[in-house]
Amino acid sequence: METGSPENTGTAGDQRAGDGPEWTGLPPGLLRMRRLLLVVWLGLLTIGLALLLGLLAGPTWTAFALLPPAVMAWGWVMLGRNWASWRYAERADDLLISRGVLWREETVVPYGRMQLVEVTSGPVERHFGLASVQLHTAAAATDATIPGLDPAEAERLRDRLTELGEARSAGL
């Protein structure tokens, strides 16, 4: 993942060469987890569909069981593109989160507006050694999540954001 390139930075003030934020991409473990889940679920669907169609409709209809593997191939590529689009940057006064392939979305969360920073990890995420950071702000529309981080990085980010948020809100 390319970091800090001027054409991919946030606001107009950050567009000067070398003046942009330092972007951090997501670790490859998230991509591995999502691709494995894709293969498992669509693989099971393929087998079930082939058996069901073969038993109920005849061998000619089992050709429709090739649809899930086609979706799997397309999903494999799309998951890679989606994973590569996620990145975040810590700046002096706020946190930037950028994502999206067709529709780019960039969220700016000022440290002083953060009310709660959570680190969550479900059973599948824990198995792959991943955690997510969820930011809650005063406005529900600006809640943001950074998925698939290494648990140590998620805790470091939580502690840093909490510390910066307390320092910024104390000055209000």
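None of the figures in this text is laboratory data; all of them are computed from the coordinates on show. Model, not experiment: these values are computed from the prediction.
For the range 78-90, the Karplus equation 6.51 cos²θ - 1.76 cosθ + 1.60, evaluated at θ = phi - 60°, returns couplings of 5, 4, x, 5, 5, 4, 5, 7, 7, 6, 9, 9, 9 Hz by residue, with Gly and Pro reported as x.
Ratio to report: Rg/Rh of the range 45-172, with Cα atoms as the point set and Rh obtained by the Kirkwood method; give two decimals. List each step's numbers first, then the result.
On the way: Rg = 21.2 Å, Rh = 17.5 Å.
Rg/Rh for the range 45-172 comes to 1.21.
Normalised by the number of residues in the range 87-126, the mean separation of alpha-carbon contacts (under 8 Å, six or more apart) gives a relative contact order of 27 percent.
Would you work out the relative contact order for the range 116-158, in percent, from Cα pairs under 8 angstrom that are 6 or more residues apart?
Values: 65 pairs, mean separation 16.8, N = 43.
It comes to 39 percent, rounded to a whole number.
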